[in-house]
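Novice: Below is a structure I'd like to ask you about.
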Amino acid sequence: MEVKIRTLTPLWTGDVDRKCETLKETGIIGSLRWWHEALVRGLGGYACDPTSNEKCKLDHKKFDNSIKKGKSVQEALNEQICSVCQLFGCTGWKRRFGIQINGLTSTDFRESGQKAGLKEKRTFHLDILPLSNIDHNQKWLFKKTLLIIENYGAIGGRTTRKPGSYQGTSYGLIQIKNYRELESWNNESNIENVKDWLKSNKKNLNKNNNFNWFDFRFYWLIKGEHLDKDHMNNLLRLEKRGKRSFPKSGTEKDEFLNFLRGKQGVSKKIFSFDKSFENIEAFIFGYVRNKEELNKLKGMLRIELGEYMDFKVGKIIMRDLE
Ligand SMILES: [Zn+2]
């Protein structure tokens, strides 16, 4: 199964050496999973964070016992691991698909500099190789994840830099030129069936999402605007001292501001794209943790961007998923 993808901006899935001369499959899978988790949480399900110590693990003895008792594989998995791990794998359970990236040569990459990585306006094939049965609800979620990334998100490593260290170019925007076999994946189920499945999985696991994890209900988007560094610093109450930015005096311990400011090794909370590439409208997106924070942030953004900004939230976007 082959999905044809075009980069609208450079794409970065580099490693710690800061080299990105190939697209790393693990980087793409990491991004796919991150958005998939947010969608599952947004739809009322539980999705573990695989980088946390709350990540799922499959106990094979328990699994085998459930199968012996006549339970299906799906039921036996539902007792132990979240829906995302059932597709993307975890300790004790293999990912149900492999991916391969084809159609690129070394001339498609910039080795270094501000725009290092896969160049903009390149087309590649994301080949999805099913390794075991992907069920209809998983197919629905996977297709919707791609739609969300294409229309509301970004992929790759550099999009996850924290605002204070913002530099270089806009990264990670893609357009899906052709879904091919995946085109019909969202017809395999519907939002109500998926929600029911996620609800029963969450009930079985008896787990709650961590307050800090990305939940698509609290995603937000503003089209036609971007935040330059000064706006970003104002918004986050940061001030420049020398080359670095620091919290303004009196705001160092503000929990919400610190959440938005982020820190090394933790995903960014605000992503801003300017119009520096062809066919791209400026836009800003991000996420917070609850409704109150959405309202608070909206007020803060109005001060920077004006009264008439077009502020859209994940809960409304999800209504159109069907
Ligand atoms: Zn999990």
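Just so you know, all these numbers are worked out from the coordinates, no wet-lab data involved. From a predicted model like this one, the values you see are computed outputs, not experimental measurements. A quick note on method: Cβ atoms are made from the backbone with ideal geometry, for glycine too, and the neighbour counts reach across all protein chains shown.
Novice: Cut-off is 10 Å between beta-carbons; in what order do Arg180, Arg319, Arg96 appear when sorted fewest neighbours first? Don't skip to the answer; put the middle values down first.
Specialist: Details: Arg180 14, Arg319 9, Arg96 18.
Lowest to highest Cβ neighbour count: Arg319, Arg180, Arg96.
Novice: Take the residue pairs Lys202/Lys229; Lys144/Lys203; Lys253/Lys275; Lys223/Lys263; Lys144/Lys240 and return only those whose Cα atoms are more than 31 Å apart.
Specialist: Distance filter (> 31 Å) returns Lys202/Lys229; Lys253/Lys275; Lys144/Lys240.
Novice: Here are some pairs, Lys195/Lys296; Lys291/Lys312; Lys243/Lys298; Lys268/Lys315; Lys177/Lys268; Lys143/Lys195; which of them have Cα atoms lying more than 18 Å apart in this structure?
Specialist: Correct reply: Lys195/Lys296; Lys243/Lys298; Lys268/Lys315; Lys177/Lys268.
Novice: In nanometres, what is the gap between the two model label sites at Thr91 and Asp196, each 7 Å from Cα along Cα-to-Cβ?
Specialist: Modelled inter-label distance: 3.5 nm.
Novice: Pick from Glu111, Glu37, Glu183: which residue has the top mean-square fluctuation in a GNM of the chain where Cα pairs under 10 Å get a spring?
Specialist: Maximum fluctuation in the GNM of the chain, among the listed residues, is at Glu183.
Novice: A further question follows. May I ask you to order 189-197, 53-61 by the average number of other C-beta atoms within 10 Å around their residues, highest value first? Don't skip to the answer; put the middle values down first.
Specialist: Details: 189-197: 16.1, 53-61: 13.1.
Result, highest mean first: 189-197, 53-61.
Novice: Note down the relative contact order for the range 216-319 as a percent, whole number, built from C-alpha pairs under 8 angstrom at least six residues apart.
Specialist: 45 percent.
Novice: So, R0 is 41 Å and r is the distance between the beta-carbons of Ile99 and Ser249; what FRET efficiency does that work out to, to 0.05?
Specialist: 0.30
Novice: If you don't mind, there's one more thing I want to ask. Could you compute Rg(Cα) / (2.2 N^0.38 Å) for the range 243-322, with N its residue count?
Specialist: Details: Rg = 14.9 Å, N = 80, 2.2 N^0.38 = 11.6 Å.
My calculation over the Cα atoms of the range 243-322 gives 1.28.
Novice: If you don't mind, there's one more thing I want to ask. Using only Cα atoms, find the angle between the long axis of helix 25-42 and the longest principal axis of the chain, and express it within 0 to 90 degrees, rounded to the nearest 10.
Specialist: Rounded to the nearest ten degrees, it is 80.
Novice: Non-local amide H neighbours of Thr13 (under 5 Å, H modeled in plane, Pro and chain starts lacking H): which ones?
Specialist: Amide H neighbours of Thr13, under 5 Å, 5+ apart: Lys24, Leu118, Gly157.
Novice: How do Val266, Val3 line up, fewest other C-beta atoms within 10 Å first? Present the calculation step by step, with values, prior to reporting the outcome.
Specialist: Numbers: Val266 12, Val3 20.
Arranged by neighbour count, lowest to highest, Val266, Val3 become Val266, Val3.
Novice: Just how far, in whole angstrom, is the range 274-288 from the range 102-161 if you go by their alpha carbon centroids?
Specialist: The range 102-161 and the range 274-288 have Cα centres separated by 17 Å.
Novice: Related question: So what's the gap between the Cα centers of the range 25-45 and the range 235-252, to the nearest angstrom?
Specialist: 32
Novice: Taking just the alpha-carbon atoms of the chain, what radius of gyration and Dmax come out, in angstrom?
Specialist: Rg then Dmax for the chain, in Å: 20.2, 66.
Novice: At 0.36 nm per residue, and after removing the present C-alpha to C-alpha distance, how many nm does the segment from Arg302 to Lys229 gain when stretched out fully?
Specialist: Using 0.36 nm per residue and subtracting the Cα-Cα distance, I get 24.6 nm.
Novice: Further, regarding this structure: Among Leu104, Leu87, Leu11, which one moves the most in a GNM of the chain with springs linking Cα atoms closer than 10 Å?
Specialist: Leu104
Novice: Let me ask another. For Ser66, Ser83, which order do you get if you count the other beta carbons within 10 Å of each Cβ and list the fewest first?
Specialist: Ser66, Ser83
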